[in-house]
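Report on one structure; see the data block that follows.
The values are calculated or read from the model by the stated rules, or taken from the named source; none is laboratory data. All of these numbers come straight from a predicted model, not from anything done at the bench. Counting neighbours? That spans all protein chains shown, and the Cβs are built from the backbone with ideal geometry, glycine included.
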Amino acid sequence: MEYIARINTESAEETIVLGRKIGRILKKGDFIAYTGDLGAGKTTITRGIAEGLGMKDDVTSPTFSIVNEYSGDIKLFHFDMYRIENENELEFTGFFDYSRDDGVFAVEWSENIRGALPPEAIKIDIKYTGENSRSITIRGDSRFENLRD
Ligand code: ADP
Ligand code: MG
């Protein structure tokens, strides 16, 4: 069964707090597929997710590197597919080199690699609703049922 949570945040810090909650319930093998425009807050929420996973390093945007790897209790592979046109261009990105068993994948611009997304991916869509407000929709399993609490 799919659970859908829709949460409005009114600041970047609130989005980071939400990310922290998400990070604390993630486990090895989880795959987050983000959608949302430039500046929506995909990297910002990933910052909170990394904190929730116990990582101490600052998360920076992987726009140029395509992927940044972080280590905490488990690993976080943070991808930005902005420059990737489709899944046929994934070969040199590291996407197939990292093992899902080692940690969590979090992929910005997942719409660009639609054909390579696992069907069980947790989907996080972020919409700009005002200068400091965002509407965040999370589609996942039952773990995401009580995210608001
Ligand atoms: P993306 O990775 O989606 O391109 P970023 O996370 O890099 O977006 O940038 C989001 C920008 O919007 C940041 O400058 C952040 O401070 C700002 N911002 C303002 N309000 C919010 C909010 N409610 N949630 C997330 N980011 C916000
Ligand atoms: Mg980003």
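Output the number of the condition that Ile138 fails; it satisfies all remaining conditions of (1) within 16 Å of ligand 2 (Cβ to nearest atom); (2) within 26 Å of Met1 (Cα to Cα); (3) β-branched (Val, Ile, Thr).
It fails just one condition, (1).
Right, Ile25: at positive phi, under 15 Å from the mean Cα position of the chain (by Cα) and among the β-branched types (Val, Ile, Thr) or not?
No: the conditions fail for Ile25.
With the stretch 92-149 as the region, which strands (runs of 3 or more DSSP E) entirely inside it contain at least 3 residues that are crowded, with 20+ Cβ neighbours inside 10 Å and within 16 Å of ligand 1 (Cβ to nearest atom)?
Qualifying strands (runs of 3 or more DSSP E): 103-108, 133-140.
With the requirement that a residue be in a strand (DSSP E or B) and closer than 21 Å to Pro62 by Cα, what does the stretch 1-34 give you?
The answer is Phe31, Ile32, Ala33, Tyr34.
Out of Thr9, Thr46, I need the residue that is within 16 Å of Thr137 (Cα to Cα), modelled with pLDDT of 95 or more and within 12 Å of the chain's Cα centre (by Cα). Which one?
The match here is Thr46.
Output yes when any residue across the stretch 41-64 is near ligand 1 (Cβ under 10 Å from one of its atoms), of a type in the set (S, T, N, Q), closer than 22 Å to Asp101 by Cβ and touching a strand residue (DSSP E or B) at 6+ places or on another chain (Cβ under 9 Å), and no when none is.
Within the stretch 41-64 (the criterion being near ligand 1 (Cβ under 10 Å from one of its atoms), of a type in the set (S, T, N, Q), closer than 22 Å to Asp101 by Cβ and touching a strand residue (DSSP E or B) at 6+ places or on another chain (Cβ under 9 Å)), the answer is yes, since at least one residue qualifies.
Within the stretch 42-54, is there a residue that is in a strand (DSSP E or B) and either of a type outside the set (A, V, I, L, M) or within 12 Å of ligand 2 (Cβ to nearest atom) (or both)?
No, that holds for no residue.
Residues in the stretch 71-82 that are within 15 Å of ligand 2 (Cβ to nearest atom), under 16 Å from Ser99 (Cα atoms) and either more than 13 Å from the chain's Cα centre (by Cα) or among the hydroxyl-bearing types (Ser, Thr, Tyr) (or both): how many?
Number of matching residues: 0.
Can you pull out the residues in the stretch 28-40 that are away from ligand 1 (no atom under 16 Å from the Cβ) and either more than 13 Å from the chain's Cα centre (by Cα) or at positive phi (or both)?
Lys28, Gly29, listed by residue number.
Specify which of the listed residues (Asp37, Asp58) is assigned to a loop (DSSP other than H, G, I, E, B), in contact (Cβ under 8 Å) with a residue 40 or more places away in the chain, out of contact with any Ser or Thr (no Cβ under 8 Å at 6 or more places or on another chain) and among the acidic types (Asp, Glu).
Asp37
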